[in-house]
Amino acid sequence: SAVISQKPSRDICQRGTSLTIQCQVDSQVTMMFWYRQQPGQSLTLIATANQGSEATYESGFVIDKFPISRPNLTFSTLTVSNMSPEDSSIYLCSGTDNTGELFFGEGSRLTVL
Amino acid sequence: GENVEQHPSTLSVQEGDSAVIKCTYSDSASNYFPWYKQELGKRPQLIIDIRSNVGEKKDQRIAVTLNKTAKHFSLHITETQPEDSAVYFCAASGRYQKVTFGTGTKLQVIP
């Protein structure tokens, strides 16, 4: 199975600041995605991270709030900008292999005060 | 886009009994249906999946069924054990390998 690592695993942030989450995947991963999981809720797709081009955002998510980069096949970052307490969530990096199976990183638990 | 509904939201069973979780999806182009188990504080882990060319798949105590005509799929866990207690998510994937998740079922297995 694919190996996906992300950091930080958790952080406590002040309102109005921004935080960048990094994700490293192994070479089995083809597509990369970022999900959000709010406390006690399901997983919601934020965007597809496209290599070398702008990410494809889902309805309700915009680039100004969640800028995403994917400079190469195996690395991506998600920034949560101008954070508010409503952004407190777990952010999960994920990727699919060539069979379409989706794997997750360990998640980054953000608490915004 | 795809919409996945999941029922029930919570399920309590006695140890040894069976548990069934049901899901429906909306996009007829979806062709891959994974199930994930998420324990508290951990990442979701794939436990079983089924593709649209198959009606049923079994792996030890876990089985999934798929009815493409009705756009229904289900997870069956037999001989439940306390370690099966977790949140289970169904999901559907089709276009561009995007995976859409159901709302989750919290399963409690009572010893």
Of (1) surrounded by 15 or more Cβ atoms within 10 Å (Cβ to Cβ); (2) at the interface with chain B (Cβ under 9 Å from one of its Cβ atoms), residue A:88 fails just (2)
Tally up the residues in the range B:55-106 that are among the polar types (S, T, N, Q), within 14 Å of another protein chain (Cβ to nearest Cβ) and surrounded by fewer than 22 Cβ atoms within 10 Å (Cβ to Cβ), please. 2
Among (1) without any contact (Cβ under 8 Å) to a residue 60 or more places away in the chain; (2) of a type outside the set (A, V, I, L, M); (3) not in a loop (DSSP other than H, G, I, E, B), there is one condition residue B:5 misses while meeting the rest; what is its number? (1)
List the strands (runs of 3 or more DSSP E) inside the range A:1-111, counting only whole elements, that have at least 3 residues being hydroxyl-bearing (Ser, Thr, Tyr). A:75-80, A:89-96
Test for residue B:41: is it farther than 21 Å from residue B:98 by Cβ, modelled with pLDDT under 95 and assigned to a loop (DSSP other than H, G, I, E, B): yes
Of the residues in the range B:6-22, those that are within 12 Å of chain A (Cβ to nearest Cβ) and either under 13 Å from residue B:76 (Cα atoms) or surrounded by 13 or more Cβ atoms within 10 Å (Cβ to Cβ) (or both) come to B:6
Somewhere in the range A:97-108, is a residue away from chain B (no Cβ under 14 Å) and in contact (Cβ under 8 Å) with a residue 24 or more places away in the chain? no
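The values are calculated or read from the model by the stated rules, or taken from the named source; none is laboratory data. Predicted model only: the values in this text are computed from it and were never measured. Positions of Cβ are backbone-derived with ideal geometry, glycine not excepted, and every protein chain shown enters the neighbour counts.
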